[in-house]
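Undergrad: A single structure is presented below for examination.
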Amino acid sequence: MTTPAESAAADPTPLYWLRQRNGAPGGPHLTADEAAMVAKRPGAIGDYLSPVGMSWAEPDPAGPGGFSYFTLTPIYSEP
């Protein structure tokens, strides 16, 4: 099994990080194809191909203000 860093080194296309911004740190790593599918969601702001990525909100009664907030950002290098 390859690590995300090894995958990134073999393929110049960045991996992507999907994060819920309501407190849980980290999140799953997505491939470029998976990120492109997520990016098609309605109501998203930004561009998943840009360094700042994109964000969106989904209704969530347990979230702050009744929403959960998500970001999708590229990972160009592992910390």
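Undergrad: Hey, among the residues in segment 1-19 that are assigned to a loop (DSSP other than H, G, I, E, B) and exposed (fewer than 11 other Cβ atoms within 10 Å of the Cβ), which one's modelled with the lowest pLDDT?
TA: Met1
Undergrad: Mind counting the residues in segment 51-72 that are in contact with a Pro (Cβ under 8 Å, 6 or more places away or on another chain) and within 13 Å of Tyr16 (Cα to Cα)?
TA: 2
Undergrad: Let me ask another. When both residues are 6+ apart or on different chains and their Cβ atoms are under 6 Å apart, which pairs have a first residue that lies in segment 58-70 and is hydrophobic (A, V, I, L, M, F, W, C), and a second that is in a helix (DSSP H, G or I) and surrounded by 10 or more Cβ atoms within 10 Å (Cβ to Cβ)?
TA: If the second residue must be in a helix (DSSP H, G or I) and surrounded by 10 or more Cβ atoms within 10 Å (Cβ to Cβ), no pairs are left.
Undergrad: I would also like to ask the following. Would you confirm whether any residue within segment 35-50 is at pLDDT below 80 and not in a helix (DSSP H, G or I)?
TA: no
Undergrad: Of (1) assigned to a helix (DSSP H, G or I); (2) at pLDDT below 90, Asn22 satisfies all except one. Which?
TA: Only one criterion is unmet by Asn22, namely (1).
Undergrad: Something else about it: When segment 51-70 is examined, which residues are found to be of a type in the set (S, T, N, Q) and modelled with pLDDT under 90?
TA: Ser68
The values are calculated or read from the model by the stated rules, or taken from the named source; none is laboratory data. Being a predicted model, the structure only gives us computed values, none of them experimental. Don't worry about glycine lacking a Cβ; one is built from the backbone with ideal geometry, like all the others, and counts go over all protein chains shown.
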